[in-house]
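Okay, so here's the structure we're looking at.
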């Protein structure tokens, strides 16, 4: 299975978030359900800023609401 | 005050008054320059006069002459362009701006007259322009007497050499100059763009005994200049001010200069000098609160913020200052403090506070933790705008030489997890070569988005 560029980026960013927290990350794939990762909202805030640094985009800046369940749902916002 | 020091009193004619890297000016030369400026420009009609202030003897001579001419003087940083100086002068409704002619060593001034001058205050005054939050300057007017009140004349024959780390046109720089000149000392003035090792060599070569600087300024000196050169400076006293003074910087200075007197000072442009501490410990004794202090100031804490009533305070904001405030008895300093036992500690500036999802974080609290980590040479904490949390804590770290970034990052994360709450922990860590200081020598904390 090949991953999209943004799926790869999100996996990398999330691995970094786990590292910051001193935790070992579980296996991450496009199907990973984000809610079940045990991350707090500041961890997601960190991931979103890192993604903005990489892609130049912040899909959350508009205040829009998204239905995000999986890692793939999040990655699509950056495509 | 300055005019009295240069024109009226007995001066040590041959002694150096001002030393820069390129030149030195004796007291008699300084007086002659001031005299020449007084005679040449004494007929300037304007009473509200701007002075583009350079880091040299000629600018001090001009300032003394303007004091003698009883003008309201407004000090402009010489780094401003002429255009910007003129724009600000017009906004402040000045009658003229004096700009040094050419780049050489000449007391000659260019007089640029302006229309629409606001009324004269009626005496000699000095207005300090500091960058306000809007970008337009705050203009704090002091009387010369108020400015000079904290100056303590040294005992006997001792004539000190002072080092001017501060901008000469701001409150701290004026204090250092007045203290030095009142003692008939020598003022060693470095160039703006000197790197830390040249500064250390300059201090050594000029035989500096008194240095007043911010902790950030010292951190850079200790970090980037040769310890042997630093130890060769005949220092008597180090005065710290302008920023929160933490225990590590006091300890580092104590280690490098075991015999030096370490003093830290609390002063602001608006309040002037309020108090000093010389026991080598961070913070100040809780007994300072609600008592009359030696400098005449009184302190109290209201909702975590330090309030001060100071006889050394400015007279007023100029009517055309970007910031206006009623002249009140008690002045809210914007500094947040914490009382622990019999000591009061500075937590940070209210305005530097980072709001992480509704929780307050003061950069200094986080910097203190990171600065203790081996391999970290300097650090700056600031808020980074987040669409999800409002702000997140971000940090820039200057590593010591030969550090492995990956393991240093792990060490930083580990220490922060151990000592800080989740919202205080830096979420974004960047390694940089150096941390820039503001014009006032303070660590820049402007937020980035």
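Taken together, the values in this text are just the output of simple stated rules run on the coordinates, not laboratory data. Because the structure is a prediction, the values reported are computed rather than measured. Here Cβ is always computed from backbone atoms with ideal geometry, including for glycine, and neighbour counts include all displayed protein chains.
Within 10 Å of each Cβ in peptide B:351-359, how many partner chain Cβ atoms are there on average? Round it to a whole number, please.
Details: counts 0, 0, 0, 0, 0, 2, 4, 0, 1.
Taking all residues of B:351-359 together, the mean is 1.
The reciprocal of the average 1/r between distinct C-alpha atoms defines the Kirkwood hydrodynamic radius, which for region B:148-350 equals 18.0 Å. Note on residue B:385 and residue B:290: the model spin-label points, each 7 Å out from Cα along the C-beta direction, lie 4.4 nm apart.
Which order do B:398, B:208 fall in if you start with the one that has the fewest other Cβ atoms within 10 Å?
Working: B:398 19, B:208 25.
In increasing order of surrounding Cβ atoms, one gets B:398, B:208.
Taking every residue in A:42-52 and counting other chain Cβ atoms within 10 Å of its Cβ, the average works out to 6.
By per-residue mean of other Cβ atoms within 10 Å, what is the highest-first order of B:375-384, B:252-261, B:84-93?
On the way: B:375-384: 21.5, B:252-261: 14.3, B:84-93: 17.4.
In decreasing order of mean packing, B:375-384, B:252-261, B:84-93 become B:375-384, B:84-93, B:252-261.
Working from label points 7 Å from Cα in the Cα-to-Cβ sense, the residue B:28 to residue B:111 distance is 3.0 nm.
What is the antiparallel percent of DSSP beta bridges lying wholly in the protein assembly as shown, to the nearest 5?
Values: 54 of 89 bridges.
Here the antiparallel bridges make up roughly 60 percent for the protein assembly as shown.
For region B:386-428, list residues with backbone N below 16 Å from a point placed 7 Å from the Cα of residue A:41 toward its Cβ? Only B:386-393, B:422-424 pass the distance filter.
Annotation: the residues B:321, B:438, sorted from fewest to most other C-beta atoms within 10 Å of their own C-beta, follow the order B:438, B:321.
Neighbouring Cβ atoms within 10 Å as the yardstick, rank A:76, A:17 fewest first.
Numbers: A:76 16, A:17 21.
Lowest count first: A:76, A:17.
Across every pair of non-identical alpha carbons in the protein assembly as shown, the mean reciprocal distance, once inverted, gives a Kirkwood radius of 25.6 Å.
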